[in-house]
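The values are calculated or read from the model by the stated rules, or taken from the named source; none is laboratory data. As the structure is a computational prediction, the values presented were derived from the model and not from experiment. All Cβ positions, even for glycine, are placed from backbone atoms using ideal geometry, and neighbour counts span all protein chains on display.
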Amino acid sequence: MAGRGRPGRAGAALVIAMGTLAAACAAPGSNSPQPAATSASPQAAAPTCGTAPITMTGYFETGFPLPKALTTEFSKQHPNVTWNIREDQFAVITQNAPRVLADNPPDLMRLPQVSELVKDDLLKNLDGYAQSFGWDRWPASQLEQLRLGPGGRPRGEGSLYALGLNVSMTGVFYNKKLATQIGMSAPPATLAEFDAVLAKAKSAGITPIVQFNGGATGGLAFPLQNLMASYGPPGPINDWIFQKPGATIDTPPNLQAVQHLERWIKAGYFEKDVNAVDYATMMSRFIDGQGLFTFNGDWESGNLDKQMAGNVGFMLMPSAQEGGKPATMSAPLTFGIAASAKNADCAAFFLNWVATDQRAREIGVEVGGSRPMGPADAYMPEVASDTVTASTLAAGADLAEADGAMDFIANATGAIYAKSWTPNLQKLVAGQQTPQELLKAVQADYASQIEGS
Amino acid sequence: MTARPAGVRSSHRRPAKRRSLVGWLFVLPALAFYAVFVLRPIALTFQYSLYEWDGIGPSTWAGPANYGKVFTDPDLFDSLVNAFQLIVFFSAVPVALGLAAAATIRRIAASRLALVARTVLFLPQVIPLVAAGIAWSWLLASTGVINQLLELVGLGGITRAWLGDFSTALPAVGMIGAWVLLGLCTLLLLAGMSKIDPSLYEAARLDGAGAWREFVSITVPSLRQEIAVCVTVTVIAALASFDIIYISTQGGPGNTTMVPGLQIYYLAFSEREVGTASALAMVLMVLVIACAFPIQWFAKDGER
């Protein structure tokens, strides 16, 4: 384009004008298509999938076979229903959720943290379905985490926006062979006893805890929140996760918990390279017998029963006080219906079927490894008593009795895990962060994220 | 673009204005693509950067506040600093090693070894960056080959999880980048060397110059333009890096390898702060241009 000053410049101006014209000049997002009308509509009879052929669209998480096992069984019982399922990794679902729900609304979708989705009117309000299916007569604690106030805040009360395929729970898995080796005959009953076992393992040359804390997923949040539950009640932590006004994570019991975690780190109870270990590496190390304990969830129970048959045990994190009530992270495997889904009725019928059908509940336990949702007196499948699945199910019952369930501190906001807990826990491991500063930093990020959203 | 066949000019004489219009017509399809897929996104990004927006709901006007945040929020600003540190690894190392490798390969040009060396060095350029990132995160793991080799030669004391250590994560990621970009630089410089007049070397040798003198006085000055291209490409790769870091460290541990590309991605899709993400993207674009133009100008200046 050398040598021709004028036309060249005019042409460039034209190109830029074209570019700018193509860019809409209105404020972004103001023309968003969602109608706000997702409020409950009371229904006389519970909806069904009908008898006419129907294709349901689903958006599920890769690597977790439970949803597909359930949809397959559902089609067997209801042959008019076929499924069109797309799968992605959970991180991808998290990032895509708003766009997918807005532009290409699935009938049924695995959901990440829901507050922001509710705020943008992307999820169907399920109050009407809850009434007609009788979900409101289930134990209230099952649905607490799925209820949201108007505009998505606070969580824990208000309208129902999602349901779980089951309720997963976290705690401490241990390698039975290594436990016997260091003379641990029964799970420790207090935090002090737990500390003693860890010290014993360390001096016997066994890695006490294998955990992940690398990349953008700080797995030390698992032991940290369990320690928080050892030192204090779960209520205030839940309030913080639910974004209740005035809630803070920077409390004295939580500080004790972070200090305790720091002592574990300094004592060398975690692997030296824990900041470079991802979830898959942690699992393969634990299955390979490279460590005594691992903090994880019962979604791995089925897998561990297969890979370490008879050699793996499970316990809830012991309390700091003798006889203290158990408390731990426990959350529904959240699924929801897009606000503008085509077959919302059938999706709701499916969710109800998952919780109430006998075969579906069996699949939930066999494939999913966790307690099914549903009425308190619903059918409970039998599980062989020597499996870790049996121990996690039993622990789930204990937990429900003690009312010790809380959501995960990583679910407080959409970005708190990757952008705040993870870097701060990694710094704690490297000795570049103090417990007090860690809580202050997370609280500051939390405040700015809530304010920004 | 300036060269026109003489015959065409004499047989089809048209008014200058008309001819220029026809010219634009030919360019139009490409321009349309450029406008829609390059200029429009830039314009939109600039527009977004002036709003507070979560990507879906209504937006509110924020003016230049998002730009203020880019320079005052330590997390965002540190990612820019990290990107400049990466330039050392992504640019300086590949260009310096590339010069050495190209000069060596040229000396043994006739042998089969030269072909092998060229292939081996260029191979990383062919491998997808994601695959390179995964392979290197295995090599650099605490039980990986790098640490095994170090133990073998008695350096067991310095072994560590290179990508999980606060002091070594950024250099480790930088070395992956250097490995990827070395091949490109070597090949470019080698091509440049082949067009240097051999008589220059002959004359120098007659004057008693050694290999080093030849390299410094003939090879490097003659490669000025190729070096400029290498530096431009690698500096942009450093500032706009994403893939390798996303795969190997995801910005960890503790944000030590956080770079603007990754930060923009997290801001837009995980924190859903589209405005701040766009502002950081605009700042990054200006920085890339500000770094690339002087290098180009420097190379052109030498030509004259």
Where B:Thr234 falls short, out of the listed (1) over 30 Å from A:Gln433 (Cα atoms); (2) in contact with a Pro (Cβ under 9 Å, 6 or more places away or on another chain); (3) within 14 Å of chain A (Cβ to nearest Cβ); (4) not basic (Lys, Arg): (3)
Collect the residues in segment B:141-176 that are touching a residue at least 24 places away in the same chain (Cβ under 8 Å) and of a type in the set (A, V, I, L, M), keeping them in residue-number order. B:Leu163, B:Ala169, B:Leu170, B:Ala172, B:Val173, B:Met175, B:Ile176
Restricting attention to segment B:32-48, and to residues there that are within 7 Å of chain A (Cβ to nearest Cβ) and crowded, with 18+ Cβ neighbours inside 10 Å, which single residue is nearest to the chain's Cα centre (by Cα)? B:Leu39
Could you please find all residues in segment B:267-280 being surrounded by fewer than 23 Cβ atoms within 10 Å (Cβ to Cβ) and assigned to a helix (DSSP H, G or I)? B:Ala268, B:Phe269
Of the residues in segment B:50-65 that are more than 11 Å from every other protein chain (Cβ to nearest Cβ) and on the phi < 0 side of the Ramachandran plot, the one that is surrounded by the most Cβ atoms within 10 Å (Cβ to Cβ) is B:Ala65
In the set B:Trp179, B:Trp138, which member is out of contact with any strand residue (DSSP E or B) (no Cβ under 7 Å at 6 or more places or on another chain), more than 9 Å from chain A (Cβ to nearest Cβ) and in contact (Cβ under 8 Å) with a residue 40 or more places away in the chain? B:Trp179
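Got at least one residue in segment B:218-227 being within 30 Å of B:Leu262 (Cα to Cα) and among the hydrophobic types (A, V, I, L, M, F, W, C)?
Going residue by residue through segment B:218-227, those that are within 30 Å of B:Leu262 (Cα to Cα) are B:226-227.
Filter again for among the hydrophobic types (A, V, I, L, M, F, W, C), leaving B:227.
Within segment B:218-227, one or more residues are within 30 Å of B:Leu262 (Cα to Cα) and among the hydrophobic types (A, V, I, L, M, F, W, C).
Here is a yes/no grid of residues against (1) surrounded by fewer than 18 Cβ atoms within 10 Å (Cβ to Cβ); (2) touching a Gly at 6+ places or on another chain (Cβ under 9 Å):
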position	(1), (2)
A:Met308	no, yes
A:Ala327	no, yes
A:Gly368	no, yes
A:Glu382	yes, no
A:Asp386	yes, yes
Please work out which one of (1) outside the structural domain of A:Ile237 (by TED's automatic domain parsing); (2) surrounded by fewer than 22 Cβ atoms within 10 Å (Cβ to Cβ) is the condition A:Thr392 fails and give its number. (2)
Counting residues that are closer than 25 Å to A:Ala130 by Cβ, which helices (runs of 4 or more DSSP H) fully inside segment A:358-453 reach at least 2? A:358-366, A:388-402
Residue under evaluation A:Val118, criteria (1) β-branched (Val, Ile, Thr); (2) crowded, with 19+ Cβ neighbours inside 10 Å; (3) farther than 17 Å from A:Gly164 by Cα, criterion not met: (3)
Within segment A:126-164, residues being modelled with pLDDT under 90 and of a type in the set (Ser, Thr, Tyr) number 1
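Going through segment A:264-285 one residue at a time, which ones are in contact with a helix residue (DSSP H, G or I) (Cβ under 8 Å, 6 or more places away or on another chain) and either of a type outside the set (Asp, Glu) or assigned to a helix (DSSP H, G or I) (or both)? Quick ask: steps written out before the conclusion?
Taking segment A:264-285 as the starting set, the residues that turn out to be in contact with a helix residue (DSSP H, G or I) (Cβ under 8 Å, 6 or more places away or on another chain) are A:264-265, A:267-271, A:273-277, A:283.
Once the filter is applied, which keeps residues that are in contact with a helix residue (DSSP H, G or I) (Cβ under 8 Å, 6 or more places away or on another chain) and either of a type outside the set (Asp, Glu) or assigned to a helix (DSSP H, G or I) (or both), segment A:264-285 yields A:Trp264, A:Ile265, A:Ala267, A:Gly268, A:Tyr269, A:Phe270, A:Val274, A:Asn275, A:Ala276, A:Val277, A:Met283.
Residue-by-condition table, conditions (1) modelled with pLDDT under 95; (2) among the β-branched types (Val, Ile, Thr); (3) surrounded by fewer than 19 Cβ atoms within 10 Å (Cβ to Cβ):
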| site | (1), (2), (3) |
| --- | --- |
| A:Gly246 | yes, no, yes |
| A:Ile249 | no, yes, no |
| A:Val258 | no, yes, no |
| A:Leu261 | no, no, no |
| A:Lys266 | no, no, yes |
| A:Phe270 | no, no, no |
| A:Val277 | yes, yes, no |
| A:Arg285 | no, no, yes |
| A:Gly289 | no, no, yes |
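Is it the case that A:Val100 is within 13 Å of chain B (Cβ to nearest Cβ), under 16 Å from the mean Cα position of the chain (by Cα) and surrounded by fewer than 20 Cβ atoms within 10 Å (Cβ to Cβ)?
On the way: within 13 Å of chain B (Cβ to nearest Cβ): yes; under 16 Å from the mean Cα position of the chain (by Cα): no; surrounded by fewer than 20 Cβ atoms within 10 Å (Cβ to Cβ): yes.
Here the answer is no, as A:Val100 does not meet what is asked.
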A:Phe194 - would you say it is of a type in the set (Phe, Trp, Tyr) and at pLDDT 95 or above? yes
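Report those helices (runs of 4 or more DSSP H) wholly inside segment B:61-124 carrying at least 2 residues which are under 27 Å from B:Val180 (Cβ atoms), at pLDDT 90 or above and touching a Leu at 6+ places or on another chain (Cβ under 9 Å). Give the derivation first.
Values: elements: B:65-72, B:74-87, B:93-107.
The qualifying helices (runs of 4 or more DSSP H) are B:74-87, B:93-107.
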Please list, ordered by first then second residue, the pairs with beta carbon atoms under 6 Å, 6 or more apart or interchain, first in segment A:65-84 and over 17 Å from A:Thr48 (Cβ atoms) and in the same structural domain as A:Arg359 (by TED's automatic domain parsing), second part of a loop (DSSP other than H, G, I, E, B) and at pLDDT below 95. A:Pro65/A:Val367; A:Leu66/A:Val367; A:Leu66/A:Gly368; A:Ala69/A:Val367
Inter-residue pairs, beta-carbon under 7 Å, first within 13 Å of chain B (Cβ to nearest Cβ) and in segment A:258-282, second of a type in the set (Asp, Glu), 6+ apart: A:Val277/A:Glu271
Among what's in segment B:67-105 and is polar (S, T, N, Q) and within 15 Å of the chain's Cα centre (by Cα), pick the residue that is farthest from B:Thr249 (Cα to Cα). B:Ser91
The correct count of residues that are in contact with a strand residue (DSSP E or B) (Cβ under 9 Å, 6 or more places away or on another chain), assigned to a helix (DSSP H, G or I) and over 17 Å from A:Thr170 (Cβ atoms) in segment A:232-263 is 1
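Let's see how each residue does on (1) touching a residue at least 24 places away in the same chain (Cβ under 8 Å); (2) within 30 Å of B:Val274 (Cα to Cα):
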| residue | (1), (2) |
| --- | --- |
| B:Tyr67 | yes, yes |
| B:Pro74 | no, yes |
| B:Leu97 | yes, no |
| B:Ala100 | no, no |
| B:Leu113 | no, no |
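Going by what's in this entry, would A:Asn238 be described as under 16 Å from the mean Cα position of the chain (by Cα) and away from every other protein chain (no Cβ under 14 Å)?
Numbers: under 16 Å from the mean Cα position of the chain (by Cα): yes; away from every other protein chain (no Cβ under 14 Å): yes.
Taking the combined requirement at face value, the residue satisfies it.
For segment A:56-170, which fully contained helices (runs of 4 or more DSSP H) count at least 3 residues that are closer than 25 Å to A:Trp299 by Cβ?
Filter on segment A:56-170 gives A:66-77, A:90-103, A:115-119, A:140-144.
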